[in-house]
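Step one of this worksheet: look at the structure below.
Read-outs: derived from the displayed coordinates by stated rules, not from any lab. Please read all numbers here as calculations on a predicted model, not as lab measurements. All Cβ positions, even for glycine, are placed from backbone atoms using ideal geometry, and neighbour counts span all protein chains on display.
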Amino acid sequence: MVERAVVVGAGLIGTSIALALTRHGIRVELSDRDPATLRLACELGAGHPLTTDPGRPADVAVIAAPPRVVPAVLRDAQERGLAHVYTDVASVKASMISEAGALGCDLATYVPGHPMGGREKQGPSAARADLFLGRSWALCPTAKTDPGALALVTALAELCGATPVTLDAAAHDRAVALVSHAPHVASAAVAARLLGGDSDALALAGQGVRDVTRIAGGDPGMWLEILGHNSRPVADILDAIALDLATAATALRAHEGEAVTELLRRGVAGHDRIPGKHGGRAMPDYTVLPVVIPDEPGALGRLFAAAADAGVNIEDVRIDHSPGLPLGVAQLSVERLAVADLAQALADRGWSVHP
C-alpha cells in the first residue's frame, strides 16, 4: 500500500521511520529546516531530500515535528499536496487534533499517530531502523478520518515493525500520562537528587539507580513542551505518586513498616502488569540466569552462540556492568524449565554461571 513516503522532520523519530521504510524498498523523501540534519539523515541512508516541487503526491506524509508546530506543518503539507494521507508522531493527540481542525486542516486524510518508541538521545545520528520493532504504535483517528487513510497508516506502522493500536485521542493522552510522561518526571526527580551527592556516594551507584534515571537524560525543552500539552493528566498522576511517597516518608519516620510494605507490594503488582514479550504478561514462565561476562569484543556473541548450541532461547537480556572492573553480569531471561540445562551447558564451556 505504501510505495512512496515523505517524512517532514529528520530527527530521531523521523529518520528512524525513514530508515525502516527504505529497508522495504519504499522511496522516502525527507525535509528538515536544518540543512545539516537533513544531509546527515540522507547520508545515513534514510532517503532523499524533498525537492521544492515534489510532483505527484506521495502515498503518505509523516509529520515528525514538535507538538507545537504539528498542526501548522500539517496544514502547509496539505496545501502543497505532498501526499494523499498524513500522519504525525507527536506524543499528545487531543490538542493536536483540536488545533488542526481550527486551522482548517483536512481531517479526512489525517490520521493522528504516536509510535511508542524512542531513546534518550536525539537527532538522526541516534536513529535506528528497528527502533519501533515490537513496539505499540497508537493511532487516534478522528470522526472525520477516512477508513482508507487509517488502513494506509496502519500499514505504515506495520512496515516499521510496530503493532498498531487504535484508540480515542483523550484515552491516548491519559494512557501516555501514566506510562510515559509522569514516569519521565518521576525519573527526573530521582536524578535531580543526585546533584546533592558527593563523589563517594556516586561511586556506589549501581544498576538500580541507572535504571530509574535512564530516561531523565531527555531534552528538557522537548519534554516541557510535551508535558505542557498533556498537563492535567500528568499532574493528576504526579499528585498520586507524591501522596504515596509522602505517606511512605511519614511511615519511615515513625518506624511504621506496614504502610511502606503496602506500597512495595503494590509496586510489585503494578510491575507485573507491564506486558512482556509478545504483549503477554511480563515473563510469567521465565527466570533469570546470571552469567559473568568479560568486557571484550565478541563476548556477548559467544554467550548467545553457546545458548543456541544448547537449544535454549534467550527471551531477554540485561547487562549489569561492574564499575572499575573489565567485566559485567549478563542477566539472561530464559524459560524456567530450561535454566538447569543452560546453566550446565554454559558451565561446560567455561562460563561463570550463578543459577
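For 158, 79, 29, what ranking results if the residue with the fewest other Cβ atoms within 10 Å of its Cβ goes first? Display every interim value, and only then the final one.
On the way: 158 15, 79 11, 29 20.
Exposure proxy ranking, most exposed first: 79, 158, 29.
P(r) tail for the stretch 286-353: Cα pairs beyond 15 Å make up 46% of the total.
A convex hull fitted to the Cα coordinates of the stretch 172-272 yields 125 cubic angstrom per residue. Ranking 155, 78, 212 by how far each Cα lies toward the positive end of the dipole of the chain (charges on Cβ) leaves 78 at the top.
A value for Cα extents along the principal axes in Å was derived from the coordinates, and within the list [x] 67, 46, 33; [y] 62, 54, 39; [z] 68, 67, 44 it appears as [y]. In terms of packing, defined here as the mean over residues of other Cβ atoms within 10 angstrom, the peptides 107-119, 234-246 line up highest first as 107-119, 234-246.
Take the alpha carbon gyration tensor of the stretch 4-167, find the square roots of its eigenvalues, order them as a ≥ b ≥ c, and report rounded if a/c is under 1.5; if not, report prolate when a/b exceeds b/c, else oblate. It is rounded, given that a/c, with a ≥ b ≥ c, falls under 1.5. Listing 333, 231, 199 from fewest to most neighbouring C-beta atoms within 10 Å gives 199, 231, 333.
Around the Cα centre of the stretch 172-272, unit charges on the Cβ atoms of Lys, Arg, Asp and Glu (plus for the first two, minus for the last two) sum to a dipole of about 60 debye.
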